[in-house]
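Participant: The structure under discussion is supplied below as structure tokens; questions concerning it will follow.
The values are calculated or read from the model by the stated rules, or taken from the named source; none is laboratory data. All figures in this text were calculated on a predicted structure; none of them were measured in a lab. No Cβ is skipped: glycine too gets one built from the backbone with ideal geometry, and neighbour counts run over all protein chains shown. Please note that ligands, DNA and RNA were not included when accessible areas were found on the heavy atoms of the full protein model with its side chains. Shrake-Rupley method; radii C 1.70, N 1.55, O 1.52, S 1.80 Å.
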Amino acid sequence: MISLAYPEMLWLLLLPFVAYYVLPIAGKMYGDALRVPFIGDIIKIKEQNKVRRYFQSASSKVSWLGVLGLAVVWGLIVLALARPQWAGEPLKIRHEGRDIMLVVDISTSMNERDFRYQNRYYTRLEAVKSVVSRFVDERVEDRMGLVVFGTRAYMQVPLTYDRQSLKEVLYSVDAGMAGNSTSIGDAIGVALKNLAKENTKTDNKVIILLTDGENNDGSLSFPQAIKLAEQEKIKIYTIGAGSDSEPFFGGLFNIPVQQGIDEEGLKYLADVTEGRYFRAKDVQSLAKVYDEINKLEAQEREGRFVQETKDLYYYPAGLALLLFLLMFALLRRA
């Protein structure tokens, strides 16, 4: 697309008409008030010059070509002053989003079917997959990764903008794939290690840890993981998942149960990293937790666009110069 940087310069196209029609009238009205001392000398010079004879010959076709040539030269000069530009397609600049590492517990206890939604019960992992998938869809400017853990912690998806691939991997994992026990310390260590090697601001790095138990396995203890997280200064949001009751006889009765979530440790981990601890007891509360995190780590929604531009003014300017030199050469030969 071609546009003009200074379209107002096109008004200069009227300047020759203004000079031709307005100045003589003004001269008659004000007499010598508008008299320019050297105009007379210019007239005398023109009377002695071939140029005057050339352009004053009304019967000569060449004279009209000369006038037309001068008009074209003036038009090209004005066009150059208007600064024509070629503009490419607008391109959206990706914002410097956050690096978010999702750390999800897939120990066998995540198979507990105690998360209720619309009179139906789902396993904890089913609820997590659904809610986290929606959270991933909303974080369009962020890179996201996935760590799953049970007895061992595994980096399933390194940081990526490919949200669809991350969701596919998330839906493919099953409870118990990484072992029956819970290694929260190792999971935090894996997430911190992968975030620490990224060359981005610490303020833009976030870990969201979800678990339904307490650290009972792994090579890195929970206190060690907390100390490491505090040193790395990476914000960690922690979520304790699990209902306070279990359904019996198809959900006709609910029996209170004691969850084995290390809430004290998860709260402390969140506090020392300037994050927050959340408790999710059903699908609705879990969705609210991720909505709250989404608000706390708000994204900049306004997009910025850039457009490649290329100046074209030198084309009309160069053409005007060539045409003027050609006319001058013809006049010299006349």
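Participant: Considering region 227-243 alone, what residues qualify as being at pLDDT 90 or above, touching an Asp or Glu at 6+ places or on another chain (Cβ under 6 Å) and open to solvent by 10 Å² or more (accessible area, probe 1.4 Å)?
Facilitator: Within region 227-243, LYS235 is the sole residue that qualifies.
Participant: Yes or no: region 133-140 includes at least one residue that is out of contact with any helix residue (DSSP H, G or I) (no Cβ under 6 Å at 6 or more places or on another chain) and among the small types (Gly, Ala, Ser).
Facilitator: The answer is no; no qualifying residue exists.
Participant: Here is a further query. Can you find a residue in region 103-123 that is in a strand (DSSP E or B), at pLDDT 95 or above, surrounded by 14 or more Cβ atoms within 10 Å (Cβ to Cβ) and among the hydrophobic types (A, V, I, L, M, F, W, C)?
Facilitator: Looking through region 103-123, at least one residue is in a strand (DSSP E or B), at pLDDT 95 or above, surrounded by 14 or more Cβ atoms within 10 Å (Cβ to Cβ) and among the hydrophobic types (A, V, I, L, M, F, W, C).
Participant: Which residues, taken from region 187-226, are of a type in the set (Lys, Arg) and either more than 26 Å from ALA287 (Cα to Cα) or exposed (fewer than 15 other Cβ atoms within 10 Å of the Cβ) (or both)?
Facilitator: The answer is LYS193, LYS197, LYS201.
Participant: Still on this model: Answer yes if at least one residue in region 127-142 is of a type outside the set (Ser, Thr, Tyr), crowded, with 22+ Cβ neighbours inside 10 Å and part of a strand (DSSP E or B), and no otherwise.
Facilitator: Looking through region 127-142, none of the residues is of a type outside the set (Ser, Thr, Tyr), crowded, with 22+ Cβ neighbours inside 10 Å and part of a strand (DSSP E or B).
Participant: Against the condition in contact with a strand residue (DSSP E or B) (Cβ under 8 Å, 6 or more places away or on another chain) and at pLDDT 85 or above, how does GLY97 come out, does it pass?
Facilitator: The answer is no for GLY97.
Participant: When the residues of region 62-89 are filtered to those that are modelled with pLDDT under 85 and part of a loop (DSSP other than H, G, I, E, B), which remaining residue is farthest from PRO7 (Cα to Cα)?
Facilitator: Within region 62-89, the match that is farthest from PRO7 (Cα to Cα) is GLU89.
Participant: If we scan region 299-309, do we find a residue that is open to solvent by 100 Å² or more (accessible area, probe 1.4 Å), at pLDDT below 85, touching a Gly at 6+ places or on another chain (Cβ under 8 Å) and not hydrophobic (A, V, I, L, M, F, W, C)?
Facilitator: yes
Participant: Can you tell me which residue within region 143-162, out of those that are under 20 Å from ALA178 (Cα atoms) and of a type in the set (S, T, N, Q), is surrounded by the most Cβ atoms within 10 Å (Cβ to Cβ)? Don't jump to the end; show me each part of the working.
Facilitator: Applying the first criterion (under 20 Å from ALA178 (Cα atoms)) to region 143-162 yields 145-158.
Pick out the ones that are also of a type in the set (S, T, N, Q) and you get 151, 156.
On the way: THR151: 17, GLN156: 19.
Looking at residues that are under 20 Å from ALA178 (Cα atoms) and of a type in the set (S, T, N, Q), I get GLN156.
Participant: Looking at region 170-186, which of its residues are within 18 Å of SER130 (Cα to Cα) and open to solvent by 40 Å² or more (accessible area, probe 1.4 Å)?
Facilitator: Selection gives TYR171, SER172, ASP174.
Participant: Here is a further query. Given the residues PHE328, PHE278, which is the only one that is more than 17 Å from ILE208 (Cβ to Cβ) and either part of a strand (DSSP E or B) or at pLDDT below 85 (or both)?
Facilitator: After ruling out the rest, the residue left standing is PHE328.
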